[in-house]
Amino acid sequence: MTCSSLTPVTLSIQPAYHGGPAWLANKLGYFEELCLDATLPVYRSGAPQVNEISTWSVGIAGSPPNIQGWTQGVLKTVGINNDESSTNALVANAEGIASWASILAAGTLGDTKITVSPNSTGELVVEECLKKYNVSFDPLSNFVYNSTQVGVLASLSDPDGNDFGSLWAPTLYSAVETWGKESIICNGDDAGANVIGGIMVSNEADETNTETAALAIAAYLKGITYFQMYREKSKAYLNEFYVEQGFPPLSPEALDIEFSRPLYNLDEQLQMLAKNEGATSTLGSWFQETVDFMFEAGIIPSSLNAEDYIDDKYMKWIAANETLAKWTMTMEESAPVSPGIPPPTPTPGASEPEVAPTLVVDSEPEASTPTPPTTEAPSSGNKVFSVAPIGFAVAVLNYMFM
């Protein structure tokens, strides 16, 4: 595309996995290819991001900020940014792992305590996990509430603390490194609890700059395609993004878990938005689960119909332009590489072929990424960051928007 000038657009993101494709799209010039001059403000949590919606047109955030924006009447959701269900889990320390079998046999938690963050999707996942395994529980007697993820992890690490807790990325990675993957007793995927994030468009942009917003989303989708097609290079890019935001890079093990979370290209977005005979889309039904939980927990004042706030016109507009749609779904054979954290060195004589967007090129060698001092990095939903007293940066989801 030949550009006589660049149109300014602001796309707000968070220093998280779902923000990576937007950062990558900006770094590799995808916005400029669509004649856009993109600004990407990075927010540490969803609450201020939504509160400052007058300053941006498109936003990438977890489901609670999307829903909070619905209640304020300031935005609509136009797609899914990732599925975080696999990294939101009921976790156990060594003692908890050893006692889980007896809990299953008894069919009740009894006097066992679980440390959870109140009114969070983490609490939702714990409840659904216990129901899945037919383990009876009483939140009043079995749940111990701690508003921070570092507090939950500290309880698991304390010999006098609780043996079970609710953790999500990235604090989850610290538990896995300490007690192994078997410390994940059950995650959202296991329990059928969908924890997702959304692509947001401000109502102002929807009314005045629809095409510009749609083009910005198209550039973001191309970044997603890159993440899907060049997984190992994308791991290095994601760590570069985290380091640029002041966080240590993730370890290879943590990156593997991070990249287990699905991203959705254009075709997959359209599938998520397609409605059945009952006029319900998959994306709408998944958002409705969080809406219902937030209402029952008193986080939002009234219940909402998620479908009323989800709009498929942006993805359909992109898909209707055959050239643009193909551009979002394909990659140049010689993709640009980052000068920061170097991508993997290709095998001599080999090159990365163009593959279907959902195919991961597993033959690529590992990216040369510095050994991290910790696995802590930006979180994946609506986040508030703090420096934990035990010496690492930790992300804390604050669904109460405090």
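The values are calculated or read from the model by the stated rules, or taken from the named source; none is laboratory data. Keep in mind that what you see is a predicted model, and the values were worked out from it rather than measured. Every residue, glycine as well, gets a Cβ built from its backbone with ideal geometry; the counts of neighbours run over all protein chains shown. These area figures cover heavy atoms from the full protein model, side chains too; ligands, DNA and RNA do not enter into them. Shrake-Rupley method; radii C 1.70, N 1.55, O 1.52, S 1.80 Å.
For region 287-301, filtered to residues that are more than 17 Å from LYS76 (Cα to Cα) and without any contact (Cβ under 8 Å) to a residue 24 or more places away in the chain, the residue that is least open to solvent (accessible area, probe 1.4 Å) is ASP292.
Annotation note: of THR121, THR148, THR108, the sole residue that is open to solvent by 40 Å² or more (accessible area, probe 1.4 Å), modelled with pLDDT under 95 and either among the polar types (S, T, N, Q) or more than 20 Å from the chain's Cα centre (by Cα) (or both) is THR148. Taking every residue in region 104-125 that is more than 15 Å from ASN142 (Cβ to Cβ) and pairing it with any residue that is of a type in the set (Asp, Glu) and part of a loop (DSSP other than H, G, I, E, B), at least 6 positions away or on another chain, the pairs with Cβ-Cβ distances below 9 Å are THR121/GLU84. Checking each residue in region 205-230 for being more than 29 Å from PHE293 (Cβ to Cβ) and acidic (Asp, Glu) picks out GLU207, GLU211. Listed by first and then second residue, the pairs linking a residue in region 302-325 that is assigned to a helix (DSSP H, G or I) to a residue that is among the aromatic types (Phe, Trp, Tyr), with Cβ atoms under 9 Å apart and 6 or more places separating them unless they lie on different chains, are ALA306/TRP70; ALA306/TRP286; ALA306/PHE287; GLU307/PHE287; ASP308/TRP70; TYR309/TRP70; TYR309/PHE287; LEU324/TRP317. Candidates in region 244-261 are the residues that are part of a loop (DSSP other than H, G, I, E, B) and in contact with a helix residue (DSSP H, G or I) (Cβ under 8 Å, 6 or more places away or on another chain); of these, the one that is farthest from ALA25 (Cα to Cα) is SER251.
Look at region 60-74: where a residue is touching a residue at least 12 places away in the same chain (Cβ under 8 Å) and a partner is open to solvent by 10 Å² or more (accessible area, probe 1.4 Å) and among the β-branched types (Val, Ile, Thr), sitting 6+ places away or on another chain with Cβ atoms under 9 Å, you get PRO64/ILE299; ILE67/ILE299; GLN68/ILE299; GLY69/ILE53; GLN72/ILE53; VAL74/ILE53. If ALA89 meets every condition in (1) at pLDDT 95 or above; (2) of a type in the set (Gly, Ala, Ser); (3) assigned to a helix (DSSP H, G or I); (4) surrounded by 22 or more Cβ atoms within 10 Å (Cβ to Cβ) apart from one, which number is that one? Condition (3) is where ALA89 drops out.
For region 167-176, check the following and say yes or no: at least one residue is of a type outside the set (Gly, Ala, Ser), surrounded by fewer than 24 Cβ atoms within 10 Å (Cβ to Cβ) and closer than 30 Å to ASP311 by Cβ. No, that holds for no residue. Selection over region 126-137 of residues that are touching a residue at least 24 places away in the same chain (Cβ under 8 Å) and open to solvent by 20 Å² or more (accessible area, probe 1.4 Å) gives a count of 7. Filter region 151-190 down to the residues that are closer than 17 Å to ALA98 by Cα, part of a strand (DSSP E or B) and either at pLDDT below 95 or not β-branched (Val, Ile, Thr) (or both) and list them by number. Residues satisfying the conditions are PHE164, GLY165, CYS186. Only one of the listed residues (ALA254, ALA274, ALA216, ALA236) is touching a strand residue (DSSP E or B) at 6+ places or on another chain (Cβ under 8 Å) and open to solvent by less than 10 Å² (accessible area, probe 1.4 Å). That residue is ALA216. Please indicate, with yes or no, whether at least one residue in region 197-218 is outside any loop (DSSP other than H, G, I, E, B), at pLDDT 95 or above, under 30 Å from ASN134 (Cβ atoms) and within 17 Å of the chain's Cα centre (by Cα). Within region 197-218 (the criterion being outside any loop (DSSP other than H, G, I, E, B), at pLDDT 95 or above, under 30 Å from ASN134 (Cβ atoms) and within 17 Å of the chain's Cα centre (by Cα)), the answer is no, since none of the residues qualifies. Residues that are over 23 Å from PRO139 (Cα atoms) and in contact with a helix residue (DSSP H, G or I) (Cβ under 6 Å, 6 or more places away or on another chain) within region 274-307 comprise SER281, THR282, LEU283, GLY284, PHE287, LEU304, ALA306, GLU307, listed in sequence order.
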